[in-house]
Amino acid sequence: MTDTTSHTPVGTEPPAPVRKRGDRGPLASLGLHLTLLTASVVAVFPPLWLLVTSFKPKTDAFDTSLVKDFTLGNYGHVIRDTDFLSWLQNSLIVVGLTTLIGVFVAATTGYAVSRFRFPGMRPLMWMLLLTQMFPVAVLIVPLYNLLADLGLLNQPIGLVVTYLTVAVPFCAWMMKGYFDGIPVEIDEAGRVDGLNPFGTFWRLVLPLARPGLAVTAFYTFITGWAEVAYASAFMTGEENLTLAGGLQTFVNQYTSDWGALTAAAVIIAVPAAIVFGLVARHLVSGLTAGATKS
């Protein structure tokens, strides 16, 4: 009987197994996990240490050990003995107005550029991009002079206007990309039913753009909540400061109250975390839609 079994010729090596796409060797997998673990530790350590320090007495602020004498005194000092509540009120007014106006302006601008063709549309889109290229430090002096001429220094509305110049261009471009992904037939159906362009936008298109609106609202909120340079330059007097500007009063060339600074920072982070939790499920779809379709 003839042996039909194939034999590897003498002196040749069997072919190496082909690794499927996505498969990793043990060393590559170990390196990947170590890298992710290191990145996670680096990302988590600063806010965790900030939280730990806020529960330490002032004398232990630079102690590298964990909390030995747990205290809430830093939080009580911030709320009772400083203008923190005034800063909070100022921030809520500024951020609330910035978010409401910014979302409306960005959504209407993005919809207009997405659906209509008009003279100057392309220069408008380029202008929205170019405004993102200027660093904040370059704009502080001209904006300060402009606000001074208009009598808007130390006024919440002046800070709202400056924050809108930061948030609206990026959000309008992103919303334009999101509206591009909504079928134009919806607009045509609205016009057949007798709706004007704004009615079509408000009643039919805007409800379909909730993920994009969530990203816009979150970005606008964070722009006003965490911004420091404009808040420090355009608002003077402790009673007029926002939260971000007020933090600087705890640690400066004259005083160093690290316990109060960390406690105030923890309190400030809570609203941002709440807003992020509310819009988190929309963030991924809203960001990817605005990025890939614009």
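The values are calculated or read from the model by the stated rules, or taken from the named source; none is laboratory data. All values reported here derive from a predicted model rather than from experimental measurement. Cβ: placed from backbone, ideal geometry, glycine included. Neighbour counts: every protein chain shown.
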message = Among the residues of the stretch 136-147, are any in contact with a Pro (Cβ under 9 Å, 6 or more places away or on another chain) and within 22 Å of T109 (Cβ to Cβ)?
response = no
message = If I go through the stretch 215-232 residue by residue, how many of them are surrounded by 20 or more Cβ atoms within 10 Å (Cβ to Cβ) and touching a residue at least 60 places away in the same chain (Cβ under 8 Å)?
response = 12
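Here is a yes/no grid of residues against (1) of a type outside the set (G, A, S); (2) on the phi < 0 side of the Ramachandran plot; (3) touching a residue at least 60 places away in the same chain (Cβ under 8 Å):
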residue: V160; (1), (2), (3): yes, yes, yes
residue: P169; (1), (2), (3): yes, yes, no
residue: K176; (1), (2), (3): yes, yes, yes
residue: A189; (1), (2), (3): no, yes, no
residue: D193; (1), (2), (3): yes, yes, no
residue: G199; (1), (2), (3): no, yes, no
residue: R203; (1), (2), (3): yes, yes, no
residue: R210; (1), (2), (3): yes, yes, yes
ask   = Any idea which of F62, F55 is in contact with a Phe, Trp or Tyr (Cβ under 9 Å, 6 or more places away or on another chain), over 22 Å from V270 (Cβ atoms) and not acidic (D, E)?
value = F62
ask   = If a residue has to be in contact (Cβ under 8 Å) with a residue 40 or more places away in the chain and among the polar types (S, T, N, Q) to count, how many in the stretch 96-154 make the cut?
value = 6
query = Tell me, which helices (runs of 4 or more DSSP H) lie completely within the stretch 121-226 with 2 or more residues that are basic (K, R), at pLDDT below 90 and under 19 Å from the mean Cα position of the chain (by Cα)?
reply = none
query = Among the residues of the stretch 63-85, is there at least one that is closer than 15 Å to E238 by Cα and outside any helix (DSSP H, G or I)?
reply = yes
request  = Among what's in the stretch 251-283 and is without any contact (Cβ under 8 Å) to a residue 40 or more places away in the chain and more than 20 Å from the chain's Cα centre (by Cα), pick the residue that is surrounded by the most Cβ atoms within 10 Å (Cβ to Cβ).
outcome  = L261
note = Within the stretch 240-255, the residues that are under 19 Å from L97 (Cβ atoms), modelled with pLDDT under 90 and of a type outside the set (A, V, I, L, M, F, W, C) are N240, G245, G246
